[in-house]
Amino acid sequence: MSDPFFHPVSGFDLPRFAGVPTFMRLPHVGPEHPRFAEVDVGIVGVPWDSGTTNRPGPRHGPRQLRDASTMIRAQHQVTGQRPFETVNCADLGDVGPNPADIKDSMARITAFYDTLVAADIRPLTAGGDHLTSLPVLRALARSGPLGMIHFDSHTDLFHSYFGGTMYTHGTPFRRAVEEGLLDPKRVIQIGIRGTMYDAEDRDFAKAEGIRIVEIEEFFDRGSPDVMQEARDIVGDAPTYVSYDIDFVDPTFAPGTGTPEVGGPNSYEALRVCRGLAGVNIVGADLVEVSPPFDQAGATAFLGVSIMFELLCSMLAQPA
């Protein structure tokens, strides 16, 4: 059981529109806090979008996600899980990026997550654009390559952009494979769709053994079958989960920089997370929420609902 200090503030004690917003109304426990070492799962904001190549805005994602997350309650409606009573969870604050320097920002992010690894804290990250995943993986994979279950409409496996720019939100997992952070034969990408520049990313995936489940196959087979394959691919070894909000159809998640039509609805967006139960998840992220394109806040609320599902899956035992 968790320490009551780490329980979220109840809406019965303080209205959800009141108080200073933290992720899911949890205590803010930064690295300098005297109880930092007691945290089991830490939620981290990475307000950074210097890797964006289309519509900017995910640097504002963590702030909006925090605000939306005040509506998250204590119990999962399907499984009955009460994650905040199972382990000590806290909002660890934001990693302060350098918005003028991509490499310096990545070094800052990796250094922050090194602190979490040293304290044996599993991170749940709110981005930020999808390049955020690369510096996080650099910290989490220091002991060896990880598997990955990746929900997205894009592979993010491109070699480079604009004739040699190596670090964008379209390249993080190409770099992660090249750097030995991911075991490509334990990587599955789910929901891939949309028009293409060419097949370079798919060719790389095929050559390296990365499994791509395009959206047509996802719908033809159904979520439970696809998620069973995902669990089989990653096995029992340490695995990272990366969830781009543009996995979801833009009807349900318009607030993102590179939307692609023809995706899952909001229920399916949650259901795939439930299929992660029993996976050895060492960290997870939810990225690419872009508040300037989320005027009604629906994308952010879906995003934090997905984060709650990911948190429950990080703590769930095999079915």
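Criterion applied to 177, 213 was being over 18 Å from residue 131 (Cβ atoms), free of Cβ contacts under 8 Å to residues at least 40 places away in the same chain and not in a loop (DSSP other than H, G, I, E, B), and the one residue passing it is 213.
Residue 293 meets all of the listed conditions (1) within 20 Å of residue 52 (Cα to Cα); (2) open to solvent by less than 50 Å² (accessible area, probe 1.4 Å); (3) of a type in the set (Phe, Trp, Tyr) but one, namely (2). Assess whether residue 45 counts as being touching a helix residue (DSSP H, G or I) at 6+ places or on another chain (Cβ under 9 Å) and assigned to a strand (DSSP E or B). Yes; evaluated as a whole, the condition is true for this residue.
Examine the stretch 9-20 for a residue that is aromatic (Phe, Trp, Tyr) and closer than 30 Å to residue 170 by Cβ, and state whether such a residue exists. There is no residue in the stretch 9-20 that is aromatic (Phe, Trp, Tyr) and closer than 30 Å to residue 170 by Cβ. Pairing each residue of the stretch 103-123 that is closer than 10 Å to residue 136 by Cα with any residue that is open to solvent by 50 Å² or more (accessible area, probe 1.4 Å), provided the two are 6+ apart or on different chains, yields C-beta distances under 6 Å for 110/138. Against the test of being at negative phi and modelled with pLDDT under 95, the options 99, 83, 123 yield a single qualifying residue, 99.
Using the structure shown, decide if residue 243 is closer than 21 Å to residue 302 by Cβ, open to solvent by 30 Å² or more (accessible area, probe 1.4 Å) and either of a type outside the set (Lys, Arg) or in contact (Cβ under 8 Å) with a residue 60 or more places away in the chain (or both). Criteria not met by residue 243.
Out of 131, 137, 92, 157, one residue alone is in contact with a Leu (Cβ under 7 Å, 6 or more places away or on another chain), within 26 Å of residue 256 (Cβ to Cβ) and in contact (Cβ under 8 Å) with a residue 12 or more places away in the chain. It is 137.
For the stretch 157-174, which residues satisfy the criterion of being farther than 13 Å from residue 208 by Cβ and open to solvent by 10 Å² or more (accessible area, probe 1.4 Å)? Selection gives 158, 160, 161, 162, 163, 164, 165, 166, 167, 169. Of the residues in the stretch 248-259, not one is of a type in the set (Phe, Trp, Tyr), touching a residue at least 12 places away in the same chain (Cβ under 8 Å) and under 13 Å from residue 190 (Cβ atoms). Scanning the stretch 181-211 for residues that are open to solvent by 30 Å² or more (accessible area, probe 1.4 Å) and under 20 Å from the mean Cα position of the chain (by Cα) turns up 183, 186, 211. Would you say residue 37 is more than 21 Å from the chain's Cα centre (by Cα) and either of a type in the set (Ser, Thr, Tyr) or part of a helix (DSSP H, G or I) (or both)? Here the answer is yes, as residue 37 does meet what is asked. Answer yes if at least one residue in the stretch 218-226 is at pLDDT 95 or above and not in a helix (DSSP H, G or I), and no otherwise. Yes, there is a match, as at least one residue in the stretch 218-226 is at pLDDT 95 or above and not in a helix (DSSP H, G or I).
Can you find a residue in the stretch 216-232 that is in contact with a Phe, Trp or Tyr (Cβ under 9 Å, 6 or more places away or on another chain) and either farther than 25 Å from residue 46 by Cα or free of Cβ contacts under 8 Å to residues at least 24 places away in the same chain (or both)? Break it down into steps so the answer makes sense when it comes.
If we filter the stretch 216-232 for residues that are in contact with a Phe, Trp or Tyr (Cβ under 9 Å, 6 or more places away or on another chain), which is where we start, we get 226.
From what is left, the residues that are either farther than 25 Å from residue 46 by Cα or free of Cβ contacts under 8 Å to residues at least 24 places away in the same chain (or both) are 226.
Yes.
The values are calculated or read from the model by the stated rules, or taken from the named source; none is laboratory data. Note that the coordinates shown come from a computational prediction; the quantities given were computed from them, not determined experimentally. Please note: Cβ atoms are built from the backbone with ideal geometry, for glycine as well, and neighbour counts cover all protein chains shown. Each accessible area value is taken on the protein alone, full model and side chains, heavy atoms only, with ligands, DNA and RNA left out. Shrake-Rupley method; radii C 1.70, N 1.55, O 1.52, S 1.80 Å.
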